[in-house]
Number of protein chains: 4
Amino acid sequence: MAALRLTTAGESHGPALVAIVDGVPAGLELEPSWIDAYLVRRQKGYGSGGRMRIESDRVEILAGLRGTTTLGSPLALRVPNKDHTIDRLPAVHRPRPGHADLPGMLKYGTDDARNILERASARETAARVAGGAVAARLLDALGIRVAGYLVELGDVAAAPVVGELDDVVRRRELSAFQCPDPEATEAMTAAVDAARESGDTLGGIIEVRAHGLPPGLGGFAQPEDRLDGRLAGALCRIQAMKGVEVGQGFASARLPGSEVHDEIVPDGEGGTRRPTNRSGGIEGGMTNGEDVVVRVAMKPLASLRRSLRSVDVRTGEEVDAARQRSDVCAAPRASVVAECVVAFELARVVLEKTGGDSLAEVHTRLEAHRRACDELFRA
Amino acid sequence: MAALRLTTAGESHGPALVAIVDGVPAGLELEPSWIDAYLVRRQKGYGSGGRMRIESDRVEILAGLRGTTTLGSPLALRVPNKDHTIDRLPAVHRPRPGHADLPGMLKYGTDDARNILERASARETAARVAGGAVAARLLDALGIRVAGYLVELGDVAAAPVVGELDDVVRRRELSAFQCPDPEATEAMTAAVDAARESGDTLGGIIEVRAHGLPPGLGGFAQPEDRLDGRLAGALCRIQAMKGVEVGQGFASARLPGSEVHDEIVPDGEGGTRRPTNRSGGIEGGMTNGEDVVVRVAMKPLASLRRSLRSVDVRTGEEVDAARQRSDVCAAPRASVVAECVVAFELARVVLEKTGGDSLAEVHTRLEAHRRACDELFRA
Amino acid sequence: MAALRLTTAGESHGPALVAIVDGVPAGLELEPSWIDAYLVRRQKGYGSGGRMRIESDRVEILAGLRGTTTLGSPLALRVPNKDHTIDRLPAVHRPRPGHADLPGMLKYGTDDARNILERASARETAARVAGGAVAARLLDALGIRVAGYLVELGDVAAAPVVGELDDVVRRRELSAFQCPDPEATEAMTAAVDAARESGDTLGGIIEVRAHGLPPGLGGFAQPEDRLDGRLAGALCRIQAMKGVEVGQGFASARLPGSEVHDEIVPDGEGGTRRPTNRSGGIEGGMTNGEDVVVRVAMKPLASLRRSLRSVDVRTGEEVDAARQRSDVCAAPRASVVAECVVAFELARVVLEKTGGDSLAEVHTRLEAHRRACDELFRA
Amino acid sequence: MAALRLTTAGESHGPALVAIVDGVPAGLELEPSWIDAYLVRRQKGYGSGGRMRIESDRVEILAGLRGTTTLGSPLALRVPNKDHTIDRLPAVHRPRPGHADLPGMLKYGTDDARNILERASARETAARVAGGAVAARLLDALGIRVAGYLVELGDVAAAPVVGELDDVVRRRELSAFQCPDPEATEAMTAAVDAARESGDTLGGIIEVRAHGLPPGLGGFAQPEDRLDGRLAGALCRIQAMKGVEVGQGFASARLPGSEVHDEIVPDGEGGTRRPTNRSGGIEGGMTNGEDVVVRVAMKPLASLRRSLRSVDVRTGEEVDAARQRSDVCAAPRASVVAECVVAFELARVVLEKTGGDSLAEVHTRLEAHRRACDELFRA
């Protein structure tokens, strides 16, 4: 089977967002409702303005299924836009700072940022979430769980997120901020309210954790095989992301080596075990069997009520930047996007390890690899 | 012309490192000495142990040139290994924490980490530096400069690096740490000496800055087009990197929107200008005409004199991890690697914008794009 | 701009065929009716059975346009299936010879060929035609025309197709077989009637010609750059194609060199000209400025009324192969598919030469290349 | 493991040809002599002129091995050029018909065809043969054999090649034309002698057959997955190839369906069997378990002693085309190139089916797939 691949299309106010997912094995049960759950989660979160609340995305699966089972052929997913007005919306001559507007106008040689912002918009992540949800479904069928959650919002930081991943998810579900820490959730509410008051916006930091991955996924034969680089690249391709780290991340650059690496000790049964997981589950570009842990930093929304300066490109005069929406913080919702792109990259390395055309084949081989890892040194 | 692409091969103690660079336009002047200057820089830096000092890498260009001019055909670069002993070196049964050793053994099903560490070694970056130096040569011919330098080492931080990029490079050249701040350089020396004393290792943070890029390089049509994600992916594919950020990076997640985005103001001549560059020169996945600024966090070397615990996989007994070398800090040298991978990604987006087969064609088109950007809004 | 790329999805009896076309420059006028004209042509042709006649495909453009102008973002095309019954259609346990059925069942480990034939079906070419029509639109805007037509059907061969391409197209439009030769058209009618009578099927040979391509598109730097290989690969990826040739093709293997190559002579104005075009417009993997001419051989339909032997895989007993449809010959219709995949590959090499993000940029650069070719040797 | 991929570099008179082969599993025994045997075979054949005879290519493996075992890391292969004079060879102002010379000059904007012909030369196939030999080694370790041989030369055609593939190879080895038919070999000798006499050149047709492939390799999920298209593309990327066909190829377009498709009949043990192999072992873009059979048509050498007309591009005057060499026929040697590129594509689809990182993993999975194919319908 060819490599897992996601191709998206769609504008913010066009007819629909579309995603084609290549390389999903045959025989996977995939109800549209599985994907819809991710789309719903992508649209909720304290701090979102009007549009998000009234939208309620639903996926239509146009290809790749017979009944609710994948065929091994490409999945085509369509998420219709309720606000399909692209042909009527006005031109935009005031490029917004922090957006694609101005560089995009210069790239395409147009004085109308509408031609840019329609595709550059974070609305596109609906397609990435739909595609990532498919990957998450595959991982789920193989016993691998992925969860994204908010760990910082503005200057509010949650307590370190520890414990079983299923439990983290349960706690996350109780929070309007997709944050597993109830105290932080309260402080985040206050921070958002204050920012709304002052017409400002807030960013945040999202953590994604994956549990159940065997060692040896990813690789180092070519630089492009390295899982950490693939995750970092995928996460920084999400709109508004300005940084990413794996495990201890930037902190590890400031600590001595003796406090950074994860020692290897006997597990008492002939194998090995890790007392710590500072590396975020990735060593040498591969999973090492511990939970994969990554964090991504999202800048505040670039459309402020308290407007930023811009220029009307027809007149050259200084103006307020055009405002397209009025959310205060999108980081809670972006945690779903981050979760989905991580799931997608992880599904890719799983399938690189297993090859195969059907879920049965993939499952058998992954289990064989798990066993082989478990037994390699036990002789 | 097809896309710019780098393919590397080579083991740490094999005959040679090899790189093939596809997609370099014809007509570029390329002396081997240009590449050698990068290879030399990759091998020097306070804190490096014995092996680095005696090596002195030299590139041999096996293909792609006639005289010293590129033909448009693939460049093949060979960097011979002086220590070509792979067939005689012993098996390694004590996987080193923080290295590819253990996950690699499980991936390939071997109890000998020698089969893993030879390719996973950072020695491979010699090929990436050689390839990146070619990209830097192309950028240089187009008026674009890229420089990497150390801004933190362990808990020592340099003053913010400001000023003309050429001046930054001059200051960097005076430092044994590739750090443009002389005071920080002094503190770094002390930090390395102390770490060496205690048998520990140190990491650091590298900044790479690029000057002279027109707006509109990169893109947002597909997530994979986004320049920030491509840079983040490329940087986190370098051995030992655990985090990356663009512009203000993680700090921007903690600031209000009004302090994060770069306003757009009239330049007084009918065009626009940016009073700040908090975004690191990238908005919406594209260059915006300001300097591109990225930072990458390197963990301390994983091979400590003060050894970490490991397991002898043949016996299952706890042992000291095998030590392969005794440097204290590789971050100064890694700044060259970071510079080179950034140069490579930037050359890729330049060539995506220009297309073309010869340097003349590329140059003409890039200049036309610069002019078009300059004139678009001036009527 | 990233490379031109076509991704398709869709089953024969699923909700829709879907295509995403990446890499189309901004600013191209694209009416859905342009694509529909290709879809209609794909469905007509003497020899087609019932289903083709009642279908009348219409494209819906879900993404990539504002009004009727491309944005530079991916185009998403949807061609709904009128016969959307995949979830109700019965299992198929009698794999049909000459189809994907049996190898597909073994690939995916299923005893139901329905899971295979839905995607393997030539119905998928509706998506390739839609995508190829977009490429043809781009080429058209750049002064490049592509036309496919039938030159053989069973044992009937048309006279060699010569003359201006526009005139060839006019003659093709008069033929129920998409064949520019009226006498051959008559003989083809008789051949199809006879085959229908005997319950048999027929194949044919399609020629595709492209006019208006400047020299130097494609390349030889890597084998993958070669245009002839790309065209051959694209054509043999169409269902039922068993052979392809460029220019004189197989005949050139049987002639002496003095009768195969196209001499280069002065054009009387300081440049060069070719008295012949035996090479089909491609030398050294590149266009040479002459018309590109390729031919592809299509086997007869594999579903015969006069049935072939197969096995019921549940019982192991010999049976008649299941019949899914009753056309006699699909080669006339396949000529549109061939035309479209050739247009797509040609648009790719054009965009590799020009780079750029907007049609204006592409057009300016292509014209500059044409001029440069014209003037290079005129001093 | 990432996809199998071949990247080549090198000019005809540069220092060396270089190939990097990515994606070869670890644990494969690979002696340089295995590759050398292919390189030697590429250089012999009746009809070759002087240069071929004195050359004797030898590969040097620069990376990817420990001892003679692959590590799973990229293999770097170097084939030094004995005639390394690229910097001293004169400019070429008389582009040769049938070569890359003229379109290449227009592509790169140069009046010196030396800049073109050095890379466009068929000398490059030495790298493809080296890379393909690695793929053939892998296939061999998995019980799959591939052989290329000449079936036509000019107007001489060999008898249809039937029988066990090992026997075909034995007969081929006895022929100076890599042709398994001794009578045809004799006639080919006469044809070459006559052509040499008249200063002309000859082309030929090569057949490649592969034995031992299980069903279900390749695919149809995306057009790019189809094995027939991949083989056709790879073969037509070889210098001088003008056509390709699979199985009955062009003949199948001229026969009725009842004489083209391969019926499926009970094998008497609960499974199925094919009485014929007209399809060349590929149905629906996948192997069907029969031998894969493809043919490729090579045009006569474009450098004739009896020279073709050209133009001196500096003066615009008609001249004789520059002659670079004086072979009569390269088709026998090209059969090795064709064999190697087919082996490479087949190894790719095998690895897509199996995934995995080590030969043991690949082997286990391929055998399991063979068994599953054998048992699927036997219940």
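Computed values, structure above
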{"read-out": "Residue in segment C:331-347 that is within 30 Å of B:Asp225 (Cα to Cα) and within 14 Å of chain B (Cβ to nearest Cβ) present", "value": "yes"}
{"read-out": "Which numbered condition D:Gly316 fails, given (1) of a type outside the set (A, V, I, L, M, F, W, C); (2) at pLDDT below 95; (3) on the phi < 0 side of the Ramachandran plot", "value": "(3)"}
{"read-out": "Of the criteria (1) more than 14 Å from every other protein chain (Cβ to nearest Cβ); (2) surrounded by 23 or more Cβ atoms within 10 Å (Cβ to Cβ); (3) not hydroxyl-bearing (Ser, Thr, Tyr), which one D:Glu186 fails", "value": "(2)"}
{"read-out": "Within segment C:235-254, considering residues that are under 30 Å from D:Gly199 (Cβ atoms) and among the charged types (D, E, K, R), the one nearest to the other protein chains (Cβ to nearest Cβ)", "value": "C:Glu245"}
{"read-out": "Number of the condition not met by B:Gly281 [criteria: (1) surrounded by 24 or more Cβ atoms within 10 Å (Cβ to Cβ); (2) under 22 Å from B:Arg128 (Cα atoms); (3) more than 8 Å from chain A (Cβ to nearest Cβ); (4) not hydroxyl-bearing (Ser, Thr, Tyr)]", "value": "(2)"}
{"read-out": "Which listed residue is within 30 Å of B:Asp225 (Cβ to Cβ) and among the polar types (S, T, N, Q), from A:Ser307, A:Ser258, A:Ser252", "value": "A:Ser307"}
{"read-out": "Residue within segment D:139-159 that is surrounded by fewer than 16 Cβ atoms within 10 Å (Cβ to Cβ), farther than 23 Å from D:Ala26 by Cβ and more than 14 Å from chain C (Cβ to nearest Cβ) present", "value": "yes"}
{"read-out": "Enumeration of residues in segment D:108-126 that are within 22 Å of B:Gly67 (Cβ to Cβ), more than 9 Å from chain C (Cβ to nearest Cβ) and not in a loop (DSSP other than H, G, I, E, B)", "value": "D:Arg114, D:Asn115, D:Glu118, D:Arg123"}
{"read-out": "Residue selected from segment C:255-277 under the condition among the small types (Gly, Ala, Ser) and either at the interface with chain D (Cβ under 7 Å from one of its Cβ atoms) or not in a loop (DSSP other than H, G, I, E, B) (or both), by the criterion nearest to D:Ala221 (Cα to Cα)", "value": "C:Gly257"}
{"read-out": "Qualifying residue in segment B:61-79 (condition: within 30 Å of B:Ser310 (Cβ to Cβ) and in contact (Cβ under 8 Å) with a residue 60 or more places away in the chain)", "value": "no"}
{"read-out": "Subset tally (residues that are crowded, with 18+ Cβ neighbours inside 10 Å and without any contact (Cβ under 8 Å) to a residue 60 or more places away in the chain) for segment C:349-371", "value": "2"}
{"read-out": "Count - residues of segment C:218-234 that are more than 7 Å from chain D (Cβ to nearest Cβ), within 16 Å of D:Asp101 (Cα to Cα) and of a type in the set (A, V, I, L, M)", "value": "1"}
{"read-out": "Among the candidates B:Ala91, B:Ala122, B:Ala100, B:Ala127, residue that is under 30 Å from A:Leu376 (Cα atoms), hydrophobic (A, V, I, L, M, F, W, C) and within 16 Å of the chain's Cα centre (by Cα)", "value": "B:Ala122"}
{"read-out": "Test: residue in segment C:303-326 that is crowded, with 24+ Cβ neighbours inside 10 Å and more than 8 Å from chain D (Cβ to nearest Cβ)", "value": "no"}
{"read-out": "Candidates D:Gly229, D:Gly247, D:Gly233, D:Gly243 - the one that is surrounded by 20 or more Cβ atoms within 10 Å (Cβ to Cβ) and touching an Asp or Glu at 6+ places or on another chain (Cβ under 7 Å)", "value": "D:Gly243"}
{"read-out": "Count of residues meeting criterion [in a loop (DSSP other than H, G, I, E, B) and either closer than 18 Å to D:Ala253 by Cα or among the acidic types (Asp, Glu) (or both)] in segment C:150-173", "value": "6"}
{"read-out": "Among residues of segment D:250-261, those that are surrounded by fewer than 24 Cβ atoms within 10 Å (Cβ to Cβ) and either at positive phi or not hydrophobic (A, V, I, L, M, F, W, C) (or both), counted", "value": "4"}
{"read-out": "Residue within segment B:101-111 that is touching a strand residue (DSSP E or B) at 6+ places or on another chain (Cβ under 6 Å) and β-branched (Val, Ile, Thr) present", "value": "no"}
{"read-out": "Output for segment D:260-300, where each listed residue is under 27 Å from the mean Cα position of the chain (by Cα), closer than 27 Å to A:Ser73 by Cα and of a type in the set (Gly, Ala, Ser)", "value": "D:Ser279, D:Gly280, D:Gly281, D:Gly284, D:Gly285, D:Gly289"}
{"read-out": "Lone qualifier among C:Gly212, C:Gly199 - being at positive phi, over 20 Å from the mean Cα position of the chain (by Cα), small (Gly, Ala, Ser) and more than 7 Å from chain D (Cβ to nearest Cβ)", "value": "C:Gly199"}
{"read-out": "Matching residues in segment B:329-379 - criterion: being of a type in the set (Lys, Arg), outside any loop (DSSP other than H, G, I, E, B) and farther than 24 Å from C:Gly23 by Cβ", "value": "B:Arg333, B:Arg371"}
{"read-out": "Only one of D:Asp101, D:Asp140 that is among the acidic types (Asp, Glu) and closer than 19 Å to D:Asp166 by Cβ", "value": "D:Asp140"}
{"read-out": "Condition met for C:Gly268 (within 21 Å of D:Asp320 (Cβ to Cβ) and of a type in the set (Gly, Ala, Ser))", "value": "yes"}
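The values are calculated or read from the model by the stated rules, or taken from the named source; none is laboratory data. Quick caveat: nothing in here was measured; it's all calculated off a predicted structure. Note: ideal-geometry Cβ built from the backbone for every residue, glycine included; neighbour counts use all protein chains shown.
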